[in-house]
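Report on the following structure.
Nothing in this text is a laboratory measurement; each read-out follows from the coordinates by a stated rule. Just so it is clear, the structure is predicted and the values come from calculations on it, not from any experiment. Cβ coordinates were reconstructed from backbone atoms using ideal geometry, including for glycine residues, and neighbour counts include every protein chain displayed.
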Amino acid sequence: MLDLDFSARIRALRSTYADIAAVLDLPKLDREIVELEEQAAAPDLWDDPAAAQKVTSGLSHRQARVKRVRSVEQRLDDLEVLIELAEEADDADSAEEATAELVALEKVIQDLEVQTMLSGEYDERAAVVTIRSGAGGDDATDFAEMLLRMYLRWAEQHDYPTKVLDTSYAEGAGIKSATFEIDAPYAFGTISVEAGTHRLARISPFGSADKRQTSFAGVEVIPLLEEATEVEVPESDIRVDVYRSSGPGGQSVNTTDSAVRITHIPSGIVVSMQNEKSQIQNRAAAMRVLQTRLLLLQREQEAAKKKELAGSITASWGDQIRSYFLYGQQLVKDLRTGHEASQPEAVFNGDLDGFIAAGIRWRSLSKND
């Protein structure tokens, strides 16, 4: 009735789960949760909004992680009970249910195992993702919008809260750029493997010659850092422009100049926000992202200086990481990991877990080489 290797597969899952629990150090997470709960209960918590946000965010992230890991252990226990009942009653329906649950648990534990590889300095942070169209005209701006939808769908499938912070629409199809936030535990560590240049090859829907068109879009991912709010940005170092928020085709979506563009003059960094309701909210959101980018820039410059002194500077930003083929052979292939999918439509609908898991493993192995 049940597969002969059923017991062996469950033992393997138990072993992998034990390794995961040991790496995550659940008792330590429990202690941190208790400490953060005490801080969150303090009556003066919100006297300092920035500190309060750090406490509540840290608490919710740890609670979510512990709940997910412990729920897996409970599901393993329940599965073994279900198997016993199925065998005792010789029940085909229960056997089918147990088989489906085993397959589902193997996927969940595989995902958890990948998460244990997220040990970078910023990996547990929320993420800010920016997509920019590259070469390719209307095809490139359309491709950028396809990528935006793809990542938002992926986040939605995982119940990760997202907020689109800014969208710059193209005059023709698609978008010039878009910035959005993913506020979930380990969002940066997970989605940062998507950073780089993406390439689309297809028969262009915008041309009349039915020729293959290649277009490009860039994906940038940065962590959202609480300590970035401590970065001082003198008013003399920035230029703030306000303008009217706009929708597709340049049509106005509100009647006030609420969109904000902040230019950091010394570095040339530009941050735009238009999706909040007020100019004050858009400026605050833009400043938060600007401060994060300045902090990261400072740390990158320090790291680059150390590498320069050691004589080993390498540059990898902007490298092409993935190709999407929508003509002839239907294929999406990651050029770093070799992972591929033969259903591009599913990928563009958010089926990215295989690519992301392969990317995290590739990055982890690269660090250990």
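Things worth noting here:
- Restricting region 139-200 to GluC sites (Glu not before Pro) that sit in a DSSP loop and have at most 16 other Cβ atoms within 10 Å of their own Cβ leaves E171.
- Dimensionless Rg over Rh [the chain; C-alpha; Kirkwood]: 1.01
- Rounded to the nearest 10 degrees, the angle from helix 49-89 to the longest Cα principal axis of the chain is 30 degrees.
- Reduced Cα scattering model of region 113-212, Debye log10 I(q)/I(0), q = 0.17, 0.21 Å⁻¹: -0.80, -1.05
- Separation of the alpha carbons by more than 29 angstrom is noted, of K67/K333; K176/K333; K163/K211; K54/K277; K28/K277; K107/K367, for K67/K333; K163/K211; K28/K277.
- Whether region 48-171 is rounded, prolate or oblate, judged on the alpha carbon gyration tensor where a/c under 1.5 counts as rounded: oblate
- Phi angles of region 173-189 translate, via the Karplus equation with coefficients 6.51, -1.76, 1.60 and θ = phi - 60°, into HN-Hα couplings of 8, x, 10, 6, 6, 7, 10, 9, 10, 10, 9, 8, x, 6, 5, 5, x Hz per residue; Gly and Pro are given as x.
- Most mobile listed residue (D111, D159, D142) in the chain, GNM with C-alpha springs under 10 Å: D159
- Tilt relative to the chain, helix 92-115 - C-alpha long axis, 0 to 90 degrees, to 10: 40
- Here, region 36-83 is characterised by an Rg to Rh ratio of 1.31, where Rg is the alpha-carbon radius of gyration and Rh the Kirkwood radius.
- Residue range of the chain that is longest and free of chymotrypsin sites (Phe, Trp or Tyr not before Pro) which are both DSSP loop and sparsely packed (at most 15 other C-beta within 10 Å): 1-205
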